[in-house]
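Take a look at the structure below.
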Amino acid sequence: MSDAGSKQSLIGMTAADILALFSRGDRTAFQEISDTKGVYYVSHDQTLDGLFLVSPLGTKEFAMLVATSRPGSLDEFTDTLVAIGTSLRIPTVSVPVLPTELKATYREQGMRFNYPKGWIVKRDKDNVITIVNERQIFALKNFDELVKGQVIIFIYPNLKTVNYPFPEQNNPGTVAEYFDAMGLANKLEIGIPVRTLIVDGHELAHCLLLAKDYEQLVLVVYSADKKDAIVLGVFGPVGMLEALEPLLQKLLISVEVR
């Protein structure tokens, strides 16, 4: 069957068109159930009975069910198999809508920053802030478990909290280059190389690192007295963070540490 399907594109075909490929083009060989559920045909020969069913999935894709049995025995199961085949659906997954504004403000223990309303904030004993857009993200064990629409943000209020080994070299570009090198050492790839930019009067550096199933965005800005730096580490599914970066830049430059 794979040979028949691979010889021409299935784009734009109906369920009946696709099934015709597998019945050697003989449309009289199969029964059309309905326009919405699909089509099927049953074949009989001396060695095997076969049922072939194609059902739309409510998207631009189709499901195909193939069942075989000993000669003369498939007819009694046809209704059940058709019911199974036409019930196949792709589960719909609710993808969170990513925000465009920072409408909430965090003020606790000498820290202040703006963040998206409805997102969840936690602070650990080292004053590292974790922000997620879905509570269940806290239960994940690895970043590659993040799914489309999920994001996790870490705010490191000073270079000590990220174990940065060169505290006297606190220039945002230099700090970002350190994280870039650490990512390469851990077999991540460079998505966006280290760059320095000015955002609302603040000097900010960033880089994007790629793993197989997730990406890491690093943003760095000077602290208010320029004696230290604040680091934002953001993780999400591949292809997601670049579009979110303008909002993350605003989040980072809103961070105040006393």
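The values are calculated or read from the model by the stated rules, or taken from the named source; none is laboratory data. All values reported here derive from a predicted model rather than from experimental measurement. Cβ coordinates were reconstructed from backbone atoms using ideal geometry, including for glycine residues, and neighbour counts include every protein chain displayed. Only protein heavy atoms, including side chains, enter the accessible area calculation; ligands, DNA and RNA are left aside. Shrake-Rupley method; radii C 1.70, N 1.55, O 1.52, S 1.80 Å.
Using the alpha-carbon centroid of each, what span in Å lies between segment 162-230 and segment 31-45?
Result: 58 Å between the Cα centres.
Rounded to the nearest percent, how much of the accessible area of the chain (1.4 Å probe, protein heavy atoms only) is carbon and sulfur?
51 percent
What does the convex hull of the alpha-carbon atoms of the chain project to on average, in nm²? Numbers along the way, then the final one.
Values: hull surface 78.3 nm².
Across all orientations, the chain yields a mean hull projection of 19.6 nm².
May I ask you to give the solvent-accessible area per residue for the chain, in square angstrom, as obtained with a 1.4 angstrom probe?
58 Å²
Provide the gained length on full extension for the span ASN171 to GLN109, in nm with one decimal, where the gain is 0.36 nm per separating residue minus the Cα-Cα distance.
Here the segment from ASN171 to GLN109 would lengthen by 19.7 nm.
What ratio of Cα Rg to 2.2 N^0.38 Å holds for segment 13-92? Working shown, then result.
On the way: Rg = 12.4 Å, N = 80, 2.2 N^0.38 = 11.6 Å.
Segment 13-92 yields a ratio of 1.07.
Points 7 angstrom from Cα along the Cβ direction at ARG123 and ARG24: gap in nanometres?
7.6 nm
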